[in-house]
Amino acid sequence: MPHLFDPLPLRDVTLRNRIALSPMCMYSAPDEAAVARGEAPLAGVALDAHLVHLASRAAGGAGLVLTEATAVEARGRISPQDLGLWDDRHVDGLRRVTAAIRDHGSASGVQLAHAGRKAATYRPWATAKGGVPDADGGWPVVGATDAPFNDALRAPSALAADEVPGVVAAFADAAARADAAGFDVAELHAAHGYLLHQFLSPLVNDRTDAYGGGFEGRTRLLREVVAAVRAVWPEGKPLFVRVSATDWAPGGWSADDTVRLAGELASAGVDLIDCSSGGAVPGIAIPVAPDYQVGFAERVRREAGLASGAVGRIVAPAQAAAIVADGRADLVLIGKQLLREPYWVLRAAQELGVPAPWPERYGWAVG
Ligand SMILES: Cc1cc2nc3c(=O)[nH]c(=O)nc-3n(C[C@H](O)[C@H](O)[C@H](O)COP(=O)(O)O)c2cc1C
């Protein structure tokens, strides 16, 4: 069976090991207020803070370093301080990031995202909570439905069917910019109650047009986005999709739906399903525990025959190694533990008794 530290070949990209930095919003890009102060040409540009954060995890040995949710449209930002790729002027800052990641031996990945009805929220440590009003730098938001996520967030307007192609094109344009910025991997964010998940979930999608109804209708937007992105994303570069594998609610999106979708996406040019869960609707109890989402990744690779990623409460090297060795996932994504400990991967290698993926300029001295 493969080892956590075996390389993972995906198309023309080979990850040096099977550990990825999970996408995590840093809420630290310039917003409109910073632009007005002359600090940036536009909102959403990558700064030194992003470069240091992401390159640190590359120096720390990760096989793949994924960016935070990076907005394909300005109105699709979760917060005013999200990274973006909706404008050509976003490319240069991210090119510096991908070059730094590569210099430290990791592959780079971008998570392309649209928050839909969960857009325009205050960042978590702001004093104010919920939706940002226009007067404080917020904006009108769109979604799969007119219904708000909850009373605290802004009420969306449902995308009209003839507005959907614009969203599909925004994903494709952002993917083309991501390629220009030098990313090796693109991941579409179809999880956590953001726009693509809003269309997938029967708990949210109340549409009566071609993008609603049964499985085919609810998955149509994601399938169109995959096709449009695959058409511009180079053949040799892998494409991932992050899903919420279950809504954890009766009548919601289910693990069976995820396996069925994975089978369709495999033939549409998707290389890996990154299996998270939840977020479509509020008030759902999620049984968070070590490995609590690994079973979804296992089902995708065993039943749909597509590579999968496991994420969620994976904190111990032996735990991560077992997930890969037992054939439950091809890639392990680490979130909060890599915030606590940027060099976790180096420690994991030492604990597991394999050569640590030191950057060359350290390895000759300490390896
Ligand atoms: C600060 C923070 C920001 C996050 N931002 C994103 C994001 O931008 N995109 C995403 O798909 N998941 C995001 N997540 C979820 C993580 O990628 C991960 O799936 C989750 O934290 C569970 O993994 P963990 O237990 O290893 O942290 C975020 C999590 C945290 C803690």
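The values are calculated or read from the model by the stated rules, or taken from the named source; none is laboratory data. Since the model is a prediction, treat every value here as computed from it, not as a measurement. Note that each Cβ is placed from the backbone with ideal geometry, even for glycine, and that neighbours are counted across all protein chains shown.
For region 278-292, a residue qualifies if it is within 16 Å of the ligand (Cβ to nearest atom) and either under 26 Å from LEU221 (Cα atoms) or in contact with a helix residue (DSSP H, G or I) (Cβ under 8 Å, 6 or more places away or on another chain) (or both), and the qualifying residues are GLY278, GLY279, ALA280, ILE284, PRO290, ASP291. Being within 13 Å of the ligand (Cβ to nearest atom) and of a type in the set (Asp, Glu) is the filter here; which residues of region 38-72 pass it? Listed by number, the list holds a single entry, GLU68. Within region 218-274, track down each residue that is out of contact with any strand residue (DSSP E or B) (no Cβ under 8 Å at 6 or more places or on another chain), surrounded by fewer than 22 Cβ atoms within 10 Å (Cβ to Cβ) and either among the acidic types (Asp, Glu) or modelled with pLDDT under 95 (or both). Listed by number, the residues that qualify are GLU224, GLU235, ASP256, ASP257, GLU264. Under the condition of being at negative phi and part of a loop (DSSP other than H, G, I, E, B), the residues counted in region 2-35 number 19.
Listed by position, the helices (runs of 4 or more DSSP H) enclosed by region 177-277 that each have at least 1 residues that are within 16 Å of the ligand (Cβ to nearest atom) and among the β-branched types (Val, Ile, Thr) are 215-232, 255-266. Annotation note: of ALA59, ALA55, ALA46, ALA29, the sole residue that is among the small types (Gly, Ala, Ser), under 29 Å from TYR343 (Cβ atoms) and touching a residue at least 60 places away in the same chain (Cβ under 8 Å) is ALA59.
Is it the case, given these coordinates, that GLY84 is surrounded by 18 or more Cβ atoms within 10 Å (Cβ to Cβ), more than 15 Å from the ligand (Cβ to nearest atom) and at pLDDT 95 or above? Write out each step before concluding.
Numbers: surrounded by 18 or more Cβ atoms within 10 Å (Cβ to Cβ): yes; more than 15 Å from the ligand (Cβ to nearest atom): no; at pLDDT 95 or above: yes.
No, not satisfied.
Please verify whether SER106 is within 16 Å of the ligand (Cβ to nearest atom) and of a type in the set (S, T, N, Q), treating the condition exactly as stated. Against the criterion (within 16 Å of the ligand (Cβ to nearest atom) and of a type in the set (S, T, N, Q)), SER106 does not qualify. Checking each residue in region 324-345 for being surrounded by fewer than 22 Cβ atoms within 10 Å (Cβ to Cβ) and assigned to a helix (DSSP H, G or I) picks out ALA325, LYS336, GLN337, LEU339, ARG340.
Residues of region 105-124 that are in contact (Cβ under 8 Å) with a residue 60 or more places away in the chain and either part of a helix (DSSP H, G or I) or surrounded by fewer than 22 Cβ atoms within 10 Å (Cβ to Cβ) (or both): GLY105, GLY116, ARG117, LYS118, ARG123, PRO124.
Suppose we keep only residues that are assigned to a loop (DSSP other than H, G, I, E, B) and either of a type in the set (Val, Ile, Thr) or away from the ligand (no atom under 16 Å from the Cβ) (or both) within region 293-323. Which one would you say is surrounded by the fewest Cβ atoms within 10 Å (Cβ to Cβ)?
Residues of region 293-323 assigned to a loop (DSSP other than H, G, I, E, B): 293, 305-306, 312-316.
After this cut, where a residue has to be either of a type in the set (Val, Ile, Thr) or away from the ligand (no atom under 16 Å from the Cβ) (or both) as well, the list is 305-306, 314-315.
Details: GLY305: 10, LEU306: 21, ILE314: 25, VAL315: 15.
Looking at the filtered set, the residue picked out is GLY305.
Cβ separations smaller than 7 Å between residues 6+ apart or across chains give the following pairs from region 9-23 residues that are among the charged types (D, E, K, R) to residues that are within 16 Å of the ligand (Cβ to nearest atom) and assigned to a strand (DSSP E or B): ARG18/LEU331; ARG18/VAL332. Among the residues of region 37-91, what is the count of those that are more than 17 Å from HIS189 (Cα to Cα) and in a helix (DSSP H, G or I)? Here the count works out to 16.
Could you tell me whether region 57-65 includes any residue that is aliphatic (A, V, I, L, M) and surrounded by fewer than 21 Cβ atoms within 10 Å (Cβ to Cβ)? If you could, list the steps in order and put the result at the bottom.
Going residue by residue through region 57-65, those that are aliphatic (A, V, I, L, M) are 58-59, 62, 64-65.
Narrowing the set further to residues that are surrounded by fewer than 21 Cβ atoms within 10 Å (Cβ to Cβ) leaves none.
No, that holds for no residue.
Within region 166-195, residues that are touching a residue at least 60 places away in the same chain (Cβ under 8 Å) have Cβ atoms under 7 Å from residues that are in a helix (DSSP H, G or I) and of a type in the set (D, E, K, R) in these pairs: VAL168/GLU224; ARG177/ASP88; ALA181/ARG95; GLY182/ARG95; GLY193/LYS118; TYR194/LYS118, counting only partners at least 6 apart in sequence or on another chain.
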